[in-house]
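Please treat every number below as a calculation from the coordinates, not as lab data. All of these numbers come straight from a predicted model, not from anything done at the bench. Cβ atoms come from the backbone with ideal geometry, glycine included; neighbour counts cover every protein chain shown.
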Amino acid sequence: MIKRRNIDSAPSSLRAFCLMWISLLVVAGLAWRAADLAAKEKKPERQVTGLVSDEADNPIVGATITLTDLTTGKKTASYTSAEGKYQFSGLEFTRDYEVQATSKGVASQVRRISTIDPRNKITLNLQIPPPKESQ
């Protein structure tokens, strides 16, 4: 049978040892919690949305939108919705990007998203000119 001792009746060295371990566990738990919270802290992200239209402001469905990360050169493509809208999320504030739309072999102007721009939600509407007629 195990004898239980009241910590108050234990020798002072044992009491100090137990208090030291309890303190160590509390400090370790607090440090772990702080590290866990820091890991969960999100980096600020930005989002770019817009509408792709023709010269008459009619939305273009299924246009290809290309987002280029100017730091890495990585290209990400998306397509416009039935309303001609597009969206890219999770973009880093520390990087510059370029956005361009293409449809039926014709491209819009290239638009740039700069690190200087402080907005986290950017709207870039793109217009695709009509195809040039071949002669």
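Considering only residues of region 44-54 that are touching a Gly at 6+ places or on another chain (Cβ under 6 Å) and of a type in the set (A, V, I, L, M, F, W, C), which is surrounded by the fewest Cβ atoms within 10 Å (Cβ to Cβ)?
51
With respect to residue 107, is the statement that it is surrounded by 17 or more Cβ atoms within 10 Å (Cβ to Cβ), within 23 Å of residue 57 (Cα to Cα) and among the small types (Gly, Ala, Ser) true?
For residue 107, the condition - surrounded by 17 or more Cβ atoms within 10 Å (Cβ to Cβ), within 23 Å of residue 57 (Cα to Cα) and among the small types (Gly, Ala, Ser) - is not met.
In region 87-111, which residues are in contact (Cβ under 8 Å) with a residue 40 or more places away in the chain and assigned to a strand (DSSP E or B)?
Correct list: 87, 88, 89, 90, 91, 92, 97, 99, 101, 103.
Restricting attention to region 55-77, which residues are in a strand (DSSP E or B), more than 15 Å from the chain's Cα centre (by Cα) and surrounded by 15 or more Cβ atoms within 10 Å (Cβ to Cβ)?
59, 64, 65, 66, 68, listed by residue number.
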